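The block underneath contains the structure these notes are about, expressed in structure tokens.
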Amino acid sequence: ALRNVRLTRGRVQLKRIRGVMFLDDSYNANPDSMRAGLKTLAGLNAGGRKVAVLGRMGELGAHAARGHRDVGECAAACGLDAVFTVGDEAAQISEAAAASRGAIETRNFPSQSGCASFLRGWLKAGDAVLLDGGGRLHGYASDITRTGIFGAKPTDRQRLIWDTVRRA
């Protein structure tokens, strides 16, 4: 029965594009779900670098700063190779990751397009990427895994993978 269940787009969906494994968990985000996503990423047997691309977590109110810092500390503790963030509030994640473990590569991007442009030249086959960050990255995750990272038009293979993942 579970084989026929269709998850909402952006809820723990695995996609492979040109040898890069994307774990799209961008539908919604909170500190607990982000930490779970980071631990899942850390446990993957990808062969390449393990990279988190994270956006802000909304609706945290007075707990926003602490929640973002906690996620950054978790990313560092998970032994990830890189943490890239999108937006001002999410910058606290990459800052906390860098402060917790200096050997981790971190960078904050003011926009999704800036992040995608960077990743287009940076990612390579074998890498595993967690996309998480609630509404800020939800539409971006679909775009980045379909076309945004690797150019304007998906290949036939990308379309096949996307259709297969969407139906699975």
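The values are calculated or read from the model by the stated rules, or taken from the named source; none is laboratory data. Predicted model, so just to flag it, every value in this text is computed and none were measured. Counting neighbours? That spans all protein chains shown, and the Cβs are built from the backbone with ideal geometry, glycine included. Surface accessibility is based on the protein's heavy atoms, side chains included, excluding ligands, DNA and RNA. Shrake-Rupley method; radii C 1.70, N 1.55, O 1.52, S 1.80 Å.
Per residue, segment 22-106 exposes 41 Å² of solvent-accessible protein surface, assessed with a 1.4 angstrom probe and all protein chains in place. Residues of segment 19-50 with an amide N closer than 13 Å to a point placed 7 Å from the Cα of residue 105 along the Cα-to-Cβ direction: 48-50. Rounded if a/c is under 1.5, else prolate if a/b is larger than b/c, else oblate: which is segment 66-107, with a ≥ b ≥ c the root eigenvalues of its Cα gyration tensor? Verdict is oblate for segment 66-107. Peptides 35-45, 85-95 ordered by packing proxy, namely the average of other Cβ atoms within 10 Å per residue, highest first: 85-95, 35-45.
Contact order for segment 48-112, expressed relative to its length and based on alpha carbon pairs under 8 Å spaced 6+ residues apart, stands at 35 percent.
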